[in-house]
Amino acid sequence: MGRVIAAGVALGFCVVLLGAPPASAQSGSAQSGSLGVQASIDRRPIEDATVAIDPANQVELQVIATNSGTAPVKVRSVRLSGVALALTFFAYDTTAPFEVPAHGSVSRTFVLDLGDLTGQATGLLPSSVELLDAQRGTLGEATTVADVRGSLWSVYGVFGLAMLVLTILAWVTSLLALARHRLAPNRWRRGLRFLPAGFGTGLVAVISLSVLRLVPPEPAVEIPVVLGAAAIAFLLGYLTPHPAPPAVAESDTTVRLAVPNTQEFTR
């Protein structure tokens, strides 16, 4: 049971580390984009702002694409997406081909129906508006933080609750093993035993801050929080006392005396 819990928590942590592209890859993708993008939702610019999205209402998305190159650029579709913990929790593509002339700009307005977003995400999520070409490559994007007014029982909310349950079970199994003197004699192995519980604690903290609309789960926040919680849990396991039970004092030993046989005499 403990191994299953540890595997579940470790899987969530691997998604965070391996799913997030490195900074160099992100900067390279931004440099390859040939269009500058300015976007607004319900006539409010999204750059450097937190944009509220209510799935019960339609969203008016306005995009201004600027081409600073010497050749026209053809746009096939526009994508609105939200990402957390390196996982895409919602993405809406609108196919509306248009061409941006060289040294020119084009403005387009779209009305999006995000009704099913209620069951996909809730809380603060890093989001982006992307312009895509015919090969689904990104021509340009504008990033923001979306305040999704979804349900706690959405995919994102249920994911957080599942991580909470796994984390509690990981701590319970580790502490029970400590109380029953069943941890490994080696300090490093004891630290590794507590490591999944630390990973889970960090993931739960990141998701909770997002759902409570306090801090969005951006890589600059989530990775230090998860690694810090994991390091603390490992240190706690490393510093736990040796699992061998205390030696019994000589004065506490019980000496069993032999009982002499009794014989019954008959007259």
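For the residues ARG79, ARG108, the requirement of being closer than 16 Å to THR143 by Cβ and surrounded by 13 or more Cβ atoms within 10 Å (Cβ to Cβ) singles out ARG79. Taking every residue in region 110-124 that is outside the structural domain of ARG43 (by TED's automatic domain parsing) and pairing it with any residue that is not in a helix (DSSP H, G or I), at least 6 positions away or on another chain, yields no pair with a Cβ-Cβ distance below 9 Å. Under the condition of being farther than 23 Å from ARG189 by Cα and either among the hydroxyl-bearing types (Ser, Thr, Tyr) or in contact (Cβ under 8 Å) with a residue 24 or more places away in the chain (or both), the residues counted in region 219-245 number 3.
Among the residues that make up region 190-200, is at least one of them surrounded by 13 or more Cβ atoms within 10 Å (Cβ to Cβ), closer than 30 Å to THR118 by Cβ and in contact with a Gly (Cβ under 9 Å, 6 or more places away or on another chain)? Steps first, please.
Taking region 190-200 and keeping what is surrounded by 13 or more Cβ atoms within 10 Å (Cβ to Cβ), we get 190-200.
Next, only the ones that are closer than 30 Å to THR118 by Cβ stay: 199-200.
Still in the list and also in contact with a Gly (Cβ under 9 Å, 6 or more places away or on another chain): 199-200.
For region 190-200, residues surrounded by 13 or more Cβ atoms within 10 Å (Cβ to Cβ), closer than 30 Å to THR118 by Cβ and in contact with a Gly (Cβ under 9 Å, 6 or more places away or on another chain): present.
Here is the figure for region 64-103: residues that are in contact with a Phe, Trp or Tyr (Cβ under 8 Å, 6 or more places away or on another chain), of a type in the set (Val, Ile, Thr) and modelled with pLDDT under 90 total 0. For region 130-139, does any single residue satisfy the condition of being over 25 Å from LYS74 (Cβ atoms) and touching a helix residue (DSSP H, G or I) at 6+ places or on another chain (Cβ under 9 Å)? Looking through region 130-139, none of the residues is over 25 Å from LYS74 (Cβ atoms) and touching a helix residue (DSSP H, G or I) at 6+ places or on another chain (Cβ under 9 Å).
Filter region 167-181 down to residues that are in contact with a helix residue (DSSP H, G or I) (Cβ under 6 Å, 6 or more places away or on another chain) and surrounded by fewer than 24 Cβ atoms within 10 Å (Cβ to Cβ) and give me whichever is nearest to GLY237 (Cα to Cα).
If we take residues in region 167-181 being in contact with a helix residue (DSSP H, G or I) (Cβ under 6 Å, 6 or more places away or on another chain) and surrounded by fewer than 24 Cβ atoms within 10 Å (Cβ to Cβ), then TRP171 is nearest to GLY237 (Cα to Cα).
Screening the candidates SER210, SER154 for the property of being crowded, with 22+ Cβ neighbours inside 10 Å, closer than 24 Å to ILE41 by Cα and at pLDDT below 95 yields one hit, SER154.
For the criterion of being among the hydroxyl-bearing types (Ser, Thr, Tyr) and not assigned by TED's automatic domain parsing to the domain that holds ALA229, THR144 passes. Residues in region 52-76 that are over 20 Å from THR95 (Cα atoms) and crowded, with 18+ Cβ neighbours inside 10 Å: ILE53, PRO55. The residues of region 137-155 that are hydrophobic (A, V, I, L, M, F, W, C) and not in a loop (DSSP other than H, G, I, E, B), listed by number, are LEU139, ALA142, VAL145, ALA146, VAL148, VAL155. When you scan region 89-96, do you find a residue that is exposed (fewer than 15 other Cβ atoms within 10 Å of the Cβ), assigned by TED's automatic domain parsing to the domain that holds ALA39, on the phi > 0 side of the Ramachandran plot and over 31 Å from the mean Cα position of the chain (by Cα), even just one? No, because not a single residue in region 89-96 is exposed (fewer than 15 other Cβ atoms within 10 Å of the Cβ), assigned by TED's automatic domain parsing to the domain that holds ALA39, on the phi > 0 side of the Ramachandran plot and over 31 Å from the mean Cα position of the chain (by Cα). Against the numbered list (1) under 17 Å from the mean Cα position of the chain (by Cα); (2) surrounded by fewer than 19 Cβ atoms within 10 Å (Cβ to Cβ), ARG136 comes up short only at (1).
For VAL172, the requirement of being over 30 Å from VAL75 (Cβ atoms), under 16 Å from the mean Cα position of the chain (by Cα) and assigned to a helix (DSSP H, G or I) is not met.
The values are calculated or read from the model by the stated rules, or taken from the named source; none is laboratory data. Quick caveat: nothing in here was measured; it's all calculated off a predicted structure. A quick note on method: Cβ atoms are made from the backbone with ideal geometry, for glycine too, and the neighbour counts reach across all protein chains shown.
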